[in-house]
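**Q** Structure below; questions to follow.
The values are calculated or read from the model by the stated rules, or taken from the named source; none is laboratory data. Bear in mind that the values here come from a model prediction, so they are computed numbers and not experimental data. Neighbour counts run over all protein chains shown; Cβ positions are idealised from the backbone, glycine included. Calculation scope for accessible area: heavy atoms of the full protein, side chains included, ligands and nucleic acids excluded. Shrake-Rupley method; radii C 1.70, N 1.55, O 1.52, S 1.80 Å.
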Amino acid sequence: MGHFALGYVFGKLTAQATKTKMNIPLILTLSVIPDIDILIPYVEHRGPFHSIIMAIIIFIPIFVLYRKSASPYLIALIQHSLIGDYIAGGQVQLLWPLTSQPFGIEISIRSTTNITLEWLLFIAAAIVMVKTKDTHAILQSHNSNLILAIPTFTVLLPTFLAFPLAVPIALIPPHIIFLILFLTSLLIDVRKIGCQALNKSGRKVCQWNLKGKVQ
Ligand SMILES: [Zn+2]
(Lines give C-alpha, C1' and ligand atoms only; values in the text may rest on other atoms or scores of the structure.)
Protein backbone atom coordinates (compact mmCIF):
# COMPACT_ATOMS: atom_id res chain seq x y z
CA MET A 1 0.00 0.00 0.00
CA GLY A 2 1.64 3.18 -1.28
CA HIS A 3 0.35 5.45 1.50
CA PHE A 4 2.08 3.48 4.26
CA ALA A 5 5.35 3.30 2.32
CA LEU A 6 5.37 7.00 1.37
CA GLY A 7 4.27 8.13 4.84
CA TYR A 8 6.99 6.03 6.43
CA VAL A 9 9.78 7.15 4.07
CA PHE A 10 8.84 10.86 4.20
CA GLY A 11 8.32 10.69 7.96
CA LYS A 12 11.75 9.11 8.33
CA LEU A 13 13.41 11.76 6.14
CA THR A 14 11.69 14.57 8.06
CA ALA A 15 12.70 13.03 11.40
CA GLN A 16 16.30 12.93 10.20
CA ALA A 17 16.22 16.48 8.86
CA THR A 18 14.73 17.86 12.09
CA LYS A 19 16.78 15.49 14.29
CA THR A 20 13.67 14.20 16.02
CA LYS A 21 12.46 10.71 16.89
CA MET A 22 9.29 9.29 15.44
CA ASN A 23 6.80 6.72 16.66
CA ILE A 24 6.41 4.30 13.77
CA PRO A 25 2.90 2.96 14.54
CA LEU A 26 1.64 6.57 14.78
CA ILE A 27 3.35 7.56 11.51
CA LEU A 28 1.84 4.54 9.70
CA THR A 29 -1.61 5.31 11.10
CA LEU A 30 -1.48 8.98 10.08
CA SER A 31 -0.40 7.96 6.57
CA VAL A 32 -3.81 6.42 5.90
CA ILE A 33 -6.08 8.19 8.40
CA PRO A 34 -7.75 10.46 5.77
CA ASP A 35 -9.35 7.34 4.26
CA ILE A 36 -11.38 6.87 7.43
CA ASP A 37 -13.83 9.18 5.61
CA ILE A 38 -15.03 6.09 3.70
CA LEU A 39 -16.55 4.84 6.94
CA ILE A 40 -18.12 8.12 8.08
CA PRO A 41 -21.67 8.72 6.85
CA TYR A 42 -22.44 11.97 4.97
CA VAL A 43 -18.74 12.80 4.59
CA GLU A 44 -17.49 12.85 1.03
CA HIS A 45 -14.57 10.50 0.32
CA ARG A 46 -11.46 12.51 -0.67
CA GLY A 47 -13.24 15.62 0.63
CA PRO A 48 -12.67 17.53 3.94
CA PHE A 49 -10.66 14.70 5.54
CA HIS A 50 -8.18 14.92 2.66
CA SER A 51 -7.71 18.69 2.84
CA ILE A 52 -4.16 19.97 3.34
CA ILE A 53 -5.59 23.13 4.90
CA MET A 54 -7.51 21.11 7.52
CA ALA A 55 -4.41 19.03 8.27
CA ILE A 56 -2.31 22.16 8.86
CA ILE A 57 -5.00 23.77 11.06
CA ILE A 58 -5.27 20.60 13.17
CA PHE A 59 -1.50 20.53 13.56
CA ILE A 60 -1.14 24.15 14.78
CA PRO A 61 -1.77 23.26 18.46
CA ILE A 62 0.36 20.12 18.08
CA PHE A 63 3.25 22.25 16.81
CA VAL A 64 2.78 24.68 19.70
CA LEU A 65 3.04 21.75 22.14
CA TYR A 66 5.68 19.57 20.51
CA ARG A 67 7.53 22.02 18.23
CA LYS A 68 9.64 20.40 15.53
CA SER A 69 8.97 16.87 16.86
CA ALA A 70 5.52 17.22 15.27
CA SER A 71 6.97 17.65 11.74
CA PRO A 72 7.29 13.95 10.70
CA TYR A 73 3.64 13.41 11.68
CA LEU A 74 2.31 16.35 9.67
CA ILE A 75 4.36 15.22 6.66
CA ALA A 76 3.05 11.64 7.01
CA LEU A 77 -0.50 12.98 7.10
CA ILE A 78 -0.34 15.43 4.17
CA GLN A 79 1.62 13.19 1.81
CA HIS A 80 -1.51 10.99 1.69
CA SER A 81 -3.54 13.53 -0.26
CA LEU A 82 -0.75 15.61 -1.76
CA ILE A 83 1.17 12.72 -3.35
CA GLY A 84 -0.65 9.37 -3.24
CA ASP A 85 -4.23 10.44 -3.86
CA TYR A 86 -3.14 13.30 -6.15
CA ILE A 87 -1.42 10.78 -8.44
CA ALA A 88 -3.73 7.80 -8.37
CA GLY A 89 -7.29 6.67 -8.06
CA GLY A 90 -9.20 9.90 -8.74
CA GLN A 91 -9.12 13.50 -7.57
CA VAL A 92 -8.93 15.02 -4.12
CA GLN A 93 -10.20 18.25 -2.49
CA LEU A 94 -6.81 19.50 -1.34
CA LEU A 95 -7.92 23.03 -0.50
CA TRP A 96 -11.28 22.43 1.24
CA PRO A 97 -12.94 24.61 2.68
CA LEU A 98 -11.44 27.38 0.50
CA THR A 99 -12.65 25.51 -2.56
CA SER A 100 -14.16 22.09 -3.16
CA GLN A 101 -12.36 21.98 -6.51
CA PRO A 102 -10.81 18.51 -6.86
CA PHE A 103 -7.14 18.17 -7.87
CA GLY A 104 -5.20 15.26 -9.29
CA ILE A 105 -3.82 13.57 -12.35
CA GLU A 106 -6.11 10.53 -11.98
CA ILE A 107 -3.82 7.63 -12.86
CA SER A 108 -5.82 4.42 -12.55
CA ILE A 109 -5.01 2.24 -9.52
CA ARG A 110 -4.92 -0.73 -11.89
CA SER A 111 -2.52 0.91 -14.38
CA THR A 112 0.98 -0.46 -14.87
CA THR A 113 2.38 2.96 -13.89
CA ASN A 114 0.63 2.85 -10.52
CA ILE A 115 1.44 -0.80 -9.85
CA THR A 116 5.13 -0.19 -10.69
CA LEU A 117 5.27 2.94 -8.51
CA GLU A 118 3.63 1.17 -5.57
CA TRP A 119 6.02 -1.78 -5.79
CA LEU A 120 9.09 0.50 -5.98
CA LEU A 121 7.86 2.46 -2.96
CA PHE A 122 7.12 -0.71 -1.05
CA ILE A 123 10.62 -2.09 -1.73
CA ALA A 124 12.25 1.24 -0.78
CA ALA A 125 10.25 1.42 2.48
CA ALA A 126 11.00 -2.23 3.29
CA ILE A 127 14.76 -1.71 2.81
CA VAL A 128 14.78 1.41 5.04
CA MET A 129 12.61 -0.36 7.66
CA VAL A 130 14.91 -3.37 7.88
CA LYS A 131 18.17 -1.36 7.68
CA THR A 132 17.17 1.07 10.43
CA LYS A 133 15.82 -1.84 12.55
CA ASP A 134 12.35 -0.26 12.55
CA THR A 135 10.79 -3.65 11.72
CA HIS A 136 12.46 -4.96 14.87
CA ALA A 137 11.15 -1.98 16.88
CA ILE A 138 7.60 -2.43 15.67
CA LEU A 139 7.68 -6.08 16.77
CA GLN A 140 8.60 -5.24 20.37
CA SER A 141 5.81 -5.01 22.91
CA HIS A 142 4.89 -1.40 23.32
CA ASN A 143 1.47 0.08 24.02
CA SER A 144 1.76 2.38 20.99
CA ASN A 145 1.46 -0.77 18.80
CA LEU A 146 -2.24 -0.77 19.67
CA ILE A 147 -2.79 2.28 17.44
CA LEU A 148 -2.12 -0.03 14.47
CA ALA A 149 -5.60 -1.44 15.11
CA ILE A 150 -6.92 1.70 13.36
CA PRO A 151 -5.27 1.18 9.94
CA THR A 152 -5.62 -2.62 10.24
CA PHE A 153 -9.37 -2.66 10.81
CA THR A 154 -10.43 0.46 8.91
CA VAL A 155 -8.23 0.30 5.81
CA LEU A 156 -6.21 -2.92 5.39
CA LEU A 157 -8.74 -5.61 6.31
CA PRO A 158 -11.70 -3.97 4.50
CA THR A 159 -9.70 -3.97 1.22
CA PHE A 160 -9.62 -7.77 1.43
CA LEU A 161 -13.31 -8.02 2.29
CA ALA A 162 -14.45 -5.95 -0.68
CA PHE A 163 -15.73 -7.89 -3.66
CA PRO A 164 -14.73 -7.39 -6.41
CA LEU A 165 -11.32 -6.49 -4.97
CA ALA A 166 -10.58 -2.76 -5.23
CA VAL A 167 -6.86 -3.49 -5.12
CA PRO A 168 -5.23 -4.99 -8.22
CA ILE A 169 -4.03 -8.58 -7.71
CA ALA A 170 -0.42 -7.50 -8.40
CA LEU A 171 -0.54 -5.31 -5.27
CA ILE A 172 -1.95 -7.97 -2.95
CA PRO A 173 1.51 -9.21 -1.77
CA PRO A 174 2.59 -5.83 -0.23
CA HIS A 175 -0.85 -5.53 1.38
CA ILE A 176 -0.50 -8.97 2.93
CA ILE A 177 3.01 -8.17 4.22
CA PHE A 178 1.78 -4.95 5.88
CA LEU A 179 -1.22 -6.81 7.29
CA ILE A 180 0.97 -9.55 8.79
CA LEU A 181 3.40 -6.95 10.22
CA PHE A 182 0.57 -4.94 11.81
CA LEU A 183 -1.32 -7.97 13.16
CA THR A 184 1.89 -9.43 14.65
CA SER A 185 2.73 -6.11 16.28
CA LEU A 186 -0.81 -5.89 17.70
CA LEU A 187 -0.80 -9.48 18.95
CA ILE A 188 2.57 -9.03 20.68
CA ASP A 189 1.12 -6.14 22.66
CA VAL A 190 -2.27 -7.75 23.32
CA ARG A 191 -0.43 -10.80 24.62
CA LYS A 192 1.64 -8.65 26.97
CA ILE A 193 -1.47 -6.92 28.31
CA GLY A 194 -3.21 -10.29 28.74
CA CYS A 195 -0.20 -11.65 30.58
CA GLN A 196 0.00 -8.69 32.91
CA ALA A 197 -3.73 -8.97 33.71
CA LEU A 198 -3.49 -12.70 34.43
CA ASN A 199 -0.40 -12.21 36.55
CA LYS A 200 -2.17 -9.50 38.54
CA SER A 201 -5.03 -11.89 39.24
CA GLY A 202 -2.47 -14.19 40.86
CA ARG A 203 -2.27 -16.79 38.09
CA LYS A 204 1.31 -17.05 36.98
CA VAL A 205 0.48 -18.13 33.45
CA CYS A 206 3.32 -16.30 31.80
CA GLN A 207 6.14 -14.23 33.16
CA TRP A 208 7.81 -11.15 31.85
CA ASN A 209 11.48 -10.62 32.06
CA LEU A 210 12.99 -7.18 32.25
CA LYS A 211 13.19 -6.91 28.50
CA GLY A 212 9.44 -7.37 28.28
CA LYS A 213 9.52 -10.75 26.61
CA VAL A 214 7.21 -13.65 27.41
CA GLN A 215 9.08 -16.50 29.10
ZN1 LIG B 1 -7.25 8.87 0.47
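**Q** Leaving out ligands and nucleic acids, note down the accessible area per residue over the chain with a 1.4 angstrom probe, in whole Å².
**A** 56 Å²
**Q** When the chain is treated as a GNM, springs tying every alpha-carbon pair under 10 Å, which of L30, L171, L117 comes out with the largest mean-square fluctuation?
**A** Of L30, L171, L117, the most mobile in the Gaussian network model is L117.
**Q** To test your reading of the geometry: what angle, between 0 and 90 degrees and rounded to tens, separates the Cα axis of helix 2-17 from the longest principal axis of the chain?
**A** Helix 2-17 sits roughly 80 degrees off the main axis of the chain.
**Q** For the stretch 1-143, how big is the tail of P(r) above 19 Å, as a whole percent of Cα pairs?
**A** Roughly 54 percent, once rounded to a whole number.
**Q** Per-residue accessible area for H142 at 1.4 Å probe radius, Å² rounded to 10?
**A** Its accessible surface works out to 110 Å², give or take rounding.
**Q** At 1.4 Å probe size, what's the solvent-accessible area of M129? Round to the nearest 10 Å².
**A** Result for M129: roughly 10 Å² accessible.
**Q** Compare I169, I109, I36, I127 by solvent-accessible area with a 1.4 Å probe and give them largest first, with all protein chains kept in place. Write out the running numbers ahead of the final one.
**A** Values: I169 130, I109 70, I36 45, I127 95 Å².
Greatest to least solvent exposure: I169, I127, I109, I36.
**Q** Let me ask another. Hey, what angle do you get for helix 52-66 against the long axis of the chain, alpha-carbon based, 0 to 90 degrees rounded to 10?
**A** Roughly 40 degrees between the two axes.
**Q** So who's got an amide H within less than 5 Å of the one on I107, skipping anything under 5 residues away but keeping other chains? H placed 1.01 Å off N, in plane.
**A** For I107, the qualifying residues are A88, G89, G90.
**Q** What angle do you read, to the nearest 10 degrees and between 0 and 90, between the alpha-carbon axis of helix 172-200 and the longest principal axis of the chain?
**A** 40 degrees
**Q** Determine ³J(HN,Hα), in whole Hz, for all residues of the stretch 77-89 in sequence, where each value follows from phi through the Karplus function 6.51 cos²θ - 1.76 cosθ + 1.60 and θ = phi - 60°; x replaces Gly and Pro.
**A** 6, 7, 4, 3, 7, 6, 10, x, 6, 5, 7, 10, x
**Q** Okay, next question. What percentage of the solvent-accessible surface of the chain, computed with a 1.4 Å probe over protein heavy atoms, is contributed by carbon and sulfur atoms?
**A** Ligands and nucleic acids excluded, carbon and sulfur give 71 percent.
**Q** Which trypsin sites (Lys or Arg not before Pro) does the stretch 110-157 hold that lie in a coil by DSSP with at most 12 other beta carbons within 10 Å?
**A** Answer by residue number: K133.
**Q** Could you tell me the calculated FRET efficiency between E44 and A124, based on Cβ-Cβ distance and R0 = 22 angstrom, to the nearest 0.05?
**A** Once rounded, the FRET efficiency stands at 0.10.
**Q** Separate question: Once amide H atoms are built 1.01 Å from N in the peptide plane, which residues 5 or more positions from L94, or in another chain, come under 5 Å H to H?
**A** Amide H neighbours of L94, under 5 Å, 5+ apart: F103.
**Q** Could you derive backbone 3J(HN,Hα) for the stretch 140-153 from the dihedral phi with the Karplus parameters 6.51, -1.76 and 1.60 (θ = phi - 60°), listing whole Hz in sequence and x where the residue is Gly or Pro?
**A** Values per residue, Gly and Pro as x: 9, 6, 7, 4, 5, 4, 4, 5, 5, 4, 5, x, 5, 8 Hz.
**Q** Okay, next question. Considering only protein heavy atoms, with the full assembly of protein chains and a 1.4 angstrom probe, order F122, F63, F49 by accessible area, largest first.
**A** Largest accessible area first, the list is F49, F63, F122.
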